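Below is one structure, written out as structure tokens, with a few remarks after it.
Here, each number is a calculation from the coordinates, and none is a lab measurement. What you see is a predicted model; the values in this text were computed from it and never measured. With ideal geometry, Cβ positions are generated from the backbone for all residues, glycine too; neighbour counts draw on all protein chains shown.
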Protein chains: 2
Amino acid sequence: MIEEQNQEQNRSRGLRPWRTIDRREVFGAPPWVHVSVERILLPDGRLVDDFYCVRLHEYAMIIARTADGQIVMERQYRHGPGAVTLLLPAGDLEPGEDALAAAQRELLEETGFTCDGWIPLGSLVVDDNRGCGKAYYFLGTNARRVAAPRPEGLEEIEIELMSPQVLLEAARSGAIVSMATIAGVGLAYSHGAL
Amino acid sequence: MIEEQNQEQNRSRGLRPWRTIDRREVFGAPPWVHVSVERILLPDGRLVDDFYCVRLHEYAMIIARTADGQIVMERQYRHGPGAVTLLLPAGDLEPGEDALAAAQRELLEETGFTCDGWIPLGSLVVDDNRGCGKAYYFLGTNARRVAAPRPEGLEEIEIELMSPQVLLEAARSGAIVSMATIAGVGLAYSHGAL
């Protein structure tokens, strides 16, 4: 749906897309990291010989809200920032997996919570220049704990329930260094969910 | 400051950081993309032989607000998503450049706007796993146009002033596919600036 919208925008504005003339992979560490270099024709006729694109994972991120309005948050050491940070629950899509299915699976695995309602909030591209993957956001309603967490990754995870006020204070104070998580706050706010 | 906070969190919680035993660069396209593989010792004693880290640019992003509460937005084709999207003004830090100086310079270059007040809203790491660079956010107050835009990059840019309501509707509707921009919305909201 977003692709259709963007095609519509490409048509309706004076802004013209770039054209990829040639693409070759210059580094691959499947399934984690792929780097390609593209030869690009700009709308004004200029040629760019070496525009680098990075392909990483696609993942789902969840704003899970309990009946009394608390948000299910995680606290983890993450190696991207090299620090402990607060995060929204999230996890990679498995090959062929639907984003909603990944969101439901990851929330249960990482936190032991399940939700009654699932509302898609949209998807975002991680880096405006290079790509670096895509995140699919969902709002889960009436979140409740049904199992013990059984995270499968490398991380130790602490689960915390937070009121929207405490979550916003954490965002304001710098206790959240995860761009994806703060983007989740922004999307939830735009949907009137936070 | 965020690093100090995170060190504090590392100390005060049971969560322990990973330890990098060895690191070697496996791909480099300076100054744009660097990929390293790290050998990591997890807190529970497990060894991870091949954890990939990606280093991209550091950049500043600006929420510039006019005296009557409008936000300075850009509409551009961006090659990351491969689509036209709405964005907050942003640009890379030049070598040795301070994040605030980059924010002020980029806002003027890309949009022709300048601001009277500059309030740091914090910094975010782009990818929780791989790194992929860091974004520094600033709120600029009393934004006003003082020059014609003279963007230096590859992109064609259309400038639009938007009320917060219109900006939030754009975020809600999928007209913004830039994670960095939606994170700017989230940070601004947490600071009571949107």
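Subtracting the Cα-Cα distance from 0.36 nm times the residue separation, let me have the gained length for A:ARG145 to A:ARG105 in nm, one decimal. Don't jump to the answer; show the numbers that get you there.
Details: separation 40, 0.36 × 40 = 14.40 nm, distance 1.35 nm.
Using 0.36 nm per residue and subtracting the Cα-Cα distance, I get 13.0 nm.
Please give me the summed charge of the neighbours of B:ASP116: other residues whose Cβ is under 15 Å from its Cβ, Lys and Arg +1, Asp and Glu -1. Before the final figure, lay out the partial values.
Numbers: positive: B:ARG65, B:ARG144, B:ARG145; negative: B:ASP68.
My count for the surroundings of B:ASP116 gives +2.
In chain A, one over the average inverse separation of all distinct C-alpha pairs is 18.4 Å, which is the Kirkwood hydrodynamic radius. Sorted from nearest, the other copies put their B:ALA101 label points 5.2 nm away, the label point being 7 Å from Cα in the direction of Cβ. Between B:ILE159, B:ILE21, B:ILE40, the residue with the greatest mean-square fluctuation in the GNM of chain B (Cα pairs under 10 Å linked by springs) is B:ILE21. Only helices enter this figure: runs of n ≥ 4 DSSP H residues, each worth -39500 (n - 2.57), summed and divided by the residues of chain A, yield -7500 deg cm²/dmol at 222 nm to the nearest 500.
In cubic angstrom, how much convex hull volume per residue do the alpha carbon atoms of the protein assembly as shown span? Could the numbers behind the result be given before it?
Numbers: hull volume 53.5 nm³, N = 388.
Here the figure is 138 Å³ per residue.
Among A:LEU107, A:LEU15, A:LEU167, the residue with the largest mean-square fluctuation in a Gaussian network model of chain A, with springs joining Cα atoms closer than 10 Å, is A:LEU15. Angle check, please: helix B:2-12 long axis (alpha carbons) against the longest principal axis of chain B (alpha carbons), in degrees 0 to 90, nearest 10. Roughly 40 degrees, rounded to the nearest 10.
Each of B:ASP44, A:ASP92, A:ASP50 was scored by other Cβ atoms within 10 Å of its Cβ. Arranged with the fewest first, they read B:ASP44, A:ASP50, A:ASP92. Considering only A:GLY91, A:GLY140, A:GLY14, the Gaussian network model of chain A with Cα springs below 10 Å gives its largest mean-square fluctuation to A:GLY14. Between the beta carbons of B:ILE119 and A:ALA193, assuming R0 = 25 Å, the FRET efficiency works out to 0.45 to the nearest 0.05. The same position B:VAL146 in the other copies lies at 5.8 nm from this copy, comparing label points 7 Å beyond Cα toward the beta-carbon, shortest first. Among B:VAL37, B:VAL146, B:VAL185, B:VAL26, a tally of other beta-carbon atoms within 10 Å of each Cβ gives an order, fewest to most, of B:VAL146, B:VAL26, B:VAL37, B:VAL185.
With contacts defined as alpha carbon pairs under 8 Å and 6 or more residues apart, what's the relative contact order of chain A in percent?
Values: 376 pairs, mean separation 40.1, N = 194.
Reported relative contact order: 21 percent.
Give, as a single signed number, the net charge of other residues whose beta carbon lies under 14 Å from the beta carbon of B:ARG39, with Lys and Arg counted +1 and Asp and Glu -1. All intermediate terms of the calculation are to be shown ahead of the outcome.
Numbers: positive: B:ARG19, B:ARG23, B:ARG24, B:ARG46; negative: B:ASP22, B:GLU25, B:GLU38, B:ASP49, B:ASP50.
So the environment of B:ARG39 carries a net charge of -1.
Averaging sequence separations of C-alpha pairs under 8 Å and six or more residues apart, then dividing by the length of segment A:83-194, give the relative contact order as a whole percent.
Numbers: 131 pairs, mean separation 31.6, N = 112.
It rounds to 28 percent for segment A:83-194.
Ordered by the number of other Cβ atoms lying within 10 Å of each residue's own Cβ, fewest first, B:GLU74, B:GLU160 fall into the sequence B:GLU160, B:GLU74. Label-point spacing for A:GLU169 across the identical copies (point 7 Å from Cα in the Cβ direction), in nm and ascending order: 3.5.
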